[in-house]
1. Among the residues of region 1-18 satisfying the criterion of being modelled with pLDDT of 65 or more, of a type in the set (A, V, I, L, M) and closer than 16 Å to VAL162 by Cβ, which is surrounded by the most Cβ atoms within 10 Å (Cβ to Cβ)?
2. Any idea which of TYR308, TYR261, TYR240 is out of contact with any Pro (no Cβ under 7 Å at 6 or more places or on another chain), of a type outside the set (A, V, I, L, M) and within 18 Å of ASP370 (Cα to Cα)?
3. State which residue pairs qualify: first residue under 13 Å from THR393 (Cα atoms) and hydrophobic (A, V, I, L, M, F, W, C) and inside region 424-438, second residue part of a loop (DSSP other than H, G, I, E, B) and open to solvent by less than 70 Å² (accessible area, probe 1.4 Å) in any location, beta carbons under 6 Å apart, and separation of 6 or more residues or different chains.
4. Inside region 258-283, can you point out the residues that are touching a helix residue (DSSP H, G or I) at 6+ places or on another chain (Cβ under 6 Å) and hydroxyl-bearing (Ser, Thr, Tyr)?
5. Could you list all residues from region 248-267 that are open to solvent by less than 40 Å² (accessible area, probe 1.4 Å) and of a type outside the set (Gly, Ala, Ser)?
6. I want to confirm something. Restricting to region 65-90 and keeping residues that are surrounded by 13 or more Cβ atoms within 10 Å (Cβ to Cβ) and closer than 15 Å to ARG114 by Cα, which single residue is nearest to the chain's Cα centre (by Cα)?
7. Pairs needed: first member in region 406-417, at pLDDT 80 or above; second member anywhere, of a type outside the set (A, V, I, L, M); C-beta distance under 7 Å; at least 6 residues apart or different chains.
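The values are calculated or read from the model by the stated rules, or taken from the named source; none is laboratory data. Everything numeric in this text was worked out from a predicted model, so none of it was measured. Here Cβ is always computed from backbone atoms with ideal geometry, including for glycine, and neighbour counts include all displayed protein chains. Just the protein is used for accessible areas: all its heavy atoms, side chains included, with ligands, DNA and RNA removed. Shrake-Rupley method; radii C 1.70, N 1.55, O 1.52, S 1.80 Å.
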Amino acid sequence: MTRYLASRALKRQTSVLARGLREAVAGTRHELEELPPIEALNCRNGTSDVLAQRAFENPYVRWIGLRQAGEMICRSGLVNRNPGPVAHVHVLDNVWSVELVDDSPGVVYVIQRRDDVEYIAIPETMLFDFESSIECLQCVTYQVDVTQPDFQVKLGDWNRVVLHQTEEAMVGRTRAKLTVGVLQRYIDQLQFEGLILAAGMSAIVALTFNFMLYGLLMRQTSMASLMRQGLRKNEFLPYYQPIVDGGDGSVLGAEALARWYRRGKMVPPGQFVPFAEENGLITPITEQIVKKVLKDLKHLGWLGTNRYISINAEPDQIVKTDFCESLVKQLIDSGIPGRNIAVEITERRQLANLAEARSRLLCLANAGIDIKIDDAGTGFGGFSYVQELPVSTLKIDKMFVDTLRTQCDAKRPVLDAIIHFAKASGLSTIAEGVETNQQVDDLVKAGVHAIQGYVYSRPMSAEKLVSWMKEHEMETPGMNTDSR
């Protein structure tokens, strides 16, 4: 009976995902078909505001670019996502093709050829997350097979799959199959429900019981319902990743990252943050996080120092809610200086009204709160945000930090350009996703002293941060504990 329940749940989810796959590819192809000729794209210095706007407005598209003779000549953002000569090209017909790269198994490039120019788009990553009450994270795998021409996209560990479901996914005239597989852990989680269902079916009221059980399971499988339950139970909390001066080892502050602690287990952010952002739940989650951050600031003993905690805010929160005014009021009520708090705004989503955003952010800046641009250089805003908004810090995305691992990475000039731009503009910089001491040394030599990443620590609870800081101070004799 347990396997039956798992099979039913898997069949429903596979059907939903197959429909999403069809819509994502169809939406991406339609976007490329509607793009104007290159002359109308207003492409300057390799980037186009027109492409950036189209990529932002189309929910199916993450990135758009134009390639000629193998070189990217125009794109929707600073990041050059050209798959390059190592890509596997699969020609669908005389106009359309797709490209895959071995070291990026979750990325598919959809390509439309127009004479000697290729219009390229990357569909938005499909959120392969089971909206389920089953506590089984990372035990689902995916595989997409295209039969004409023959190629395959595979994600996850297929060696331990014990149950799978396949669904046809016709996209235009291209036939594809989506296969979703689960590990034994997924089935084991349904053992209790299987026993209940078996008992109900053997009872006289089996039909009524099954109907009620089905309704209950359907309510429980709603991610929105689960997250609202989590909000009511105060299950969302901040985890902190330290920001350290790579030169002298002093702790500058930390970034607060949203975590969901449900039924004694931590739900990875990738399982709920994208859903929360798309369904209007990120604002109440942020409110819950902020309240705990303000309490943790006092527990950490950072009041009266220059150390700070960064809070992430979505552009819509800045413009469409009272987030800024509410944060300032909470600081005043709790007696916390503004310099102990920073606000990070991601560049991956557009600030629709820069004038309104400037007004709201000035409220924060006037209270002494530092405004940081997160994911600098990867998103829609570009450096226009720096000109229009009271920004004082750029956070360099891991994508660019990773270019320090090799001397021939094509994105390395972008890293150098961001650092140069920050210096010329009088902005501070923080490097994210730093993993090695060599990267720290290279960044410090380039003038980037604020370092965040696994090289120092993974995100952790406030209690563990206190312990980590004590150990870090012991390992770094002579460091400035007041963090300048």
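1. ALA6
2. Details: TYR261 fails: within 18 Å of ASP370 (Cα to Cα); TYR240 fails: out of contact with any Pro (no Cβ under 7 Å at 6 or more places or on another chain).
Only one candidate passes the filter, namely TYR308.
3. If the second residue must be part of a loop (DSSP other than H, G, I, E, B) and open to solvent by less than 70 Å² (accessible area, probe 1.4 Å), the pairs left are ALA431/VAL448.
4. Within region 258-283, THR283 is the sole residue that qualifies.
5. Going residue by residue through region 248-267, those that are open to solvent by less than 40 Å² (accessible area, probe 1.4 Å) are 249-260, 262, 267.
VAL251, LEU252, GLU255, LEU257, ARG259, TRP260, ARG262, VAL267 - these are the residues of region 248-267 that are open to solvent by less than 40 Å² (accessible area, probe 1.4 Å) and of a type outside the set (Gly, Ala, Ser).
6. GLY65
7. These pairs meet every condition: VAL414/GLY377; VAL414/PHE400; LEU415/PHE400; LEU415/THR403.
Residues checked against (1) part of a strand (DSSP E or B); (2) modelled with pLDDT of 70 or more; (3) under 22 Å from GLU167 (Cα atoms); (4) more than 20 Å from the chain's Cα centre (by Cα):
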| position | (1), (2), (3), (4) |
| --- | --- |
| ASN94 | no, yes, no, yes |
| GLU99 | yes, yes, no, yes |
| ARG113 | yes, yes, no, yes |
| ILE120 | yes, yes, no, yes |
| PHE130 | no, no, yes, no |
| GLU135 | no, no, no, yes |
| TYR142 | yes, no, yes, no |
| VAL146 | yes, yes, yes, yes |
| PHE151 | yes, no, yes, yes |
